[in-house]
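As structure tokens, the structure follows; a few thoughts come after it.
Taken together, the values in this text are just the output of simple stated rules run on the coordinates, not laboratory data. Computed from a predicted model, the values in this text were never measured in an experiment. Cβ coordinates were reconstructed from backbone atoms using ideal geometry, including for glycine residues, and neighbour counts include every protein chain displayed.
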Amino acid sequence: MRVADLTETELIARFAPVLPYGARTVLGPGDDAAVLTPCGDLVVTTDVLVEGRHFRTDWSTGADVGWRAAMQNLADVAAMGAVPTAIVVALTLPGETEVAWVEDFARGLAEACGPHGVGVVGGDLSGGPVLSAAVTALGEASGTWRR
């Protein structure tokens, strides 16, 4: 089955159940936004992975790409001395993308985020000419790093 064979709601229903729900998540995932419990100092970072530049589907599984997309952002938050709390993910999917690849991508996100208590709290889906994944990670810092 291809992505083009499903509505956005149907596609989300296929992968959302495997995504972790973080301790700071009040509401999400679901719509285009989430509600998180307020935290200390907020750390935010974003990275984009584009097929053909950052990964190739003939070399990497969806789980590989999902894990990398999440983990590189979690590492950026941790590098600021913060604890990651949540991520949002925007996927651009060509219509011929296999639904199984998207489900596998979600499993990779869960594998990266779950052990750290990080919620995958939402994001966006769009069609496009190549696969891409943009992840924004949020984290909580104690403030000890201030100048």
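Return yes when P38 is over 24 Å from V3 (Cα atoms) and free of Cβ contacts under 8 Å to residues at least 40 places away in the same chain and no when it is not. Spelling it out, P38 is indeed over 24 Å from V3 (Cα atoms) and free of Cβ contacts under 8 Å to residues at least 40 places away in the same chain. Evaluated against (1) among the acidic types (D, E); (2) in contact with a Gly (Cβ under 6 Å, 6 or more places away or on another chain); (3) over 17 Å from F15 (Cα atoms), D104 falls short on exactly one condition, (3).
Looking at A69 and the list (1) surrounded by 23 or more Cβ atoms within 10 Å (Cβ to Cβ); (2) in a loop (DSSP other than H, G, I, E, B), which single condition is not satisfied? Unmet condition: (2). If the condition is being surrounded by 16 or more Cβ atoms within 10 Å (Cβ to Cβ) and among the aliphatic types (A, V, I, L, M), then the range 82-103 contributes A82, V83, A86, I87, V88, V89, A90, L91, L93, V99, V102. If you go through the range 96-145, how many residues are over 17 Å from G62 (Cβ atoms), part of a loop (DSSP other than H, G, I, E, B) and among the small types (G, A, S)? Result for the range 96-145: 3.
To keep it simple, each residue is scored yes or no on (1) in contact with a Phe, Trp or Tyr (Cβ under 8 Å, 6 or more places away or on another chain); (2) among the basic types (K, R); (3) more than 16 Å from Y21 (Cα to Cα); (4) in contact (Cβ under 8 Å) with a residue 24 or more places away in the chain.
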site: A70; (1), (2), (3), (4): no, no, no, yes
site: P84; (1), (2), (3), (4): no, no, no, yes
site: W101; (1), (2), (3), (4): no, no, yes, yes
site: L109; (1), (2), (3), (4): yes, no, no, yes
site: G123; (1), (2), (3), (4): no, no, no, yes
site: L138; (1), (2), (3), (4): no, no, no, yes
